[in-house]
Amino acid sequence: MNAEATVYGSERHLLRYLGRHRAELDRRVLEVTGGEAIDWLDFPFEPSRAWLDGEWKGLDFLPAGHPGRIAWSSAWPARGNAPNWDAVARLRTAGGEEWLLVEAKAHLGELASHCAADAEKGGRRRIADLMAHVREALGAAPDRDWLGGYYQMANRLAVLHVLEAAGVPARLLFIYFTGDANPRGVCPADAAGWADALAAQDRHLGLRPDHSLAGRVHRLFLEVAPVASPARAVA
């Protein structure tokens, strides 16, 4: 891992909040989701990665035989690259326990993405069928491209749709960091700086503000705190 990776980026900032500012993170998350309590899942180990930790993929955090996991395996190709989550939590609400799936961004360029699945071996056709189904279910026009431009947002919505159809309560939380000095991309100074880019994303996907999953998709704009000076040693 290079030195820059330890200072910049959504992964770094989210891990920092999870590890060093958990109470503040929990407070902000519960505020935007309307939850009453939250319990974060540990990350899986993955020795091949620089940080030795992996991310939860698809619905692998659910136990084998779980209705949601079964539904996902029927909807998503076995060879397709499943959505990876930056964090997963159990959220307790007035209505019971729900899953909270988290995606974090630290600069505007991270919003853009395209489906890279191969047509023959990567399951692209099956992914396209799922996207078309979810697009229709959310009332988006059939000419909206859900495989290019903002594919990541589209496949996250697809996961939420599959869970809802399987009767598994869940929510999506998109965390947008502000004030990151990352030289690799433009990070807005505040929430207003994300507005145009997020509006462009929704227009591209054809998402209406009142689509059927809108109440379960949340946005949290989280400030990157200034780097504090090292504590002065006590003699």
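The values are calculated or read from the model by the stated rules, or taken from the named source; none is laboratory data. Please read these numbers as outputs of a predicted model, since none were measured by experiment. No Cβ is skipped: glycine too gets one built from the backbone with ideal geometry, and neighbour counts run over all protein chains shown. SASA here: full protein model, heavy atoms, side chains in, ligands and nucleic acids out. Shrake-Rupley method; radii C 1.70, N 1.55, O 1.52, S 1.80 Å.
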Per-residue HN-Hα couplings for region 145-151 [Karplus 6.51, -1.76, 1.60; θ = phi - 60°; Hz; x = Gly/Pro]:
8, 9, 9, x, x, 9, 4
Point-to-point label distance, Lys121-Asp202, nm (Cα→Cβ direction, 7 Å offset):
4.1
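Can you tell me, using C-alpha contacts under 8 Å and at least 6 residues apart, the relative contact order of the chain as a whole percent? Numbers along the way, then the final one.
Details: 359 pairs, mean separation 47.9, N = 235.
The value is 20 percent.
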Centroid-to-centroid separation of region 53-113 and region 153-172 [C-alpha atoms, Å]:
9
Within region 123-160, name every residue whose backbone N is under 12 Å away from a label modeled 7 Å from Cα of Lys57 along the Cβ vector.
none
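When ranked by the protection proxy of mean other Cβ atoms within 10 Å per residue, highest first, what sequence do the peptides 68-78, 202-212 form?
On the way: 68-78: 17.1, 202-212: 14.5.
Top of the packing list down: 68-78, 202-212.
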Report the full-extension gain for the segment Arg20 to Phe45: residue separation times 0.36 nm, less the Cα-Cα distance, to one decimal in nm.
7.0 nm
Might you tell me the accessible area per residue for the chain, computed with a 1.4 Å probe and given in Å²?
52
State the percentage of accessible surface on the chain attributable to carbon and sulfur atoms; use a 1.4 Å probe and exclude ligands, DNA and RNA.
52
Rank Leu220, Leu14, Leu198 by mean-square fluctuation in a GNM of the chain with C-alpha springs under 10 angstrom and give only the top-ranked residue.
Leu198
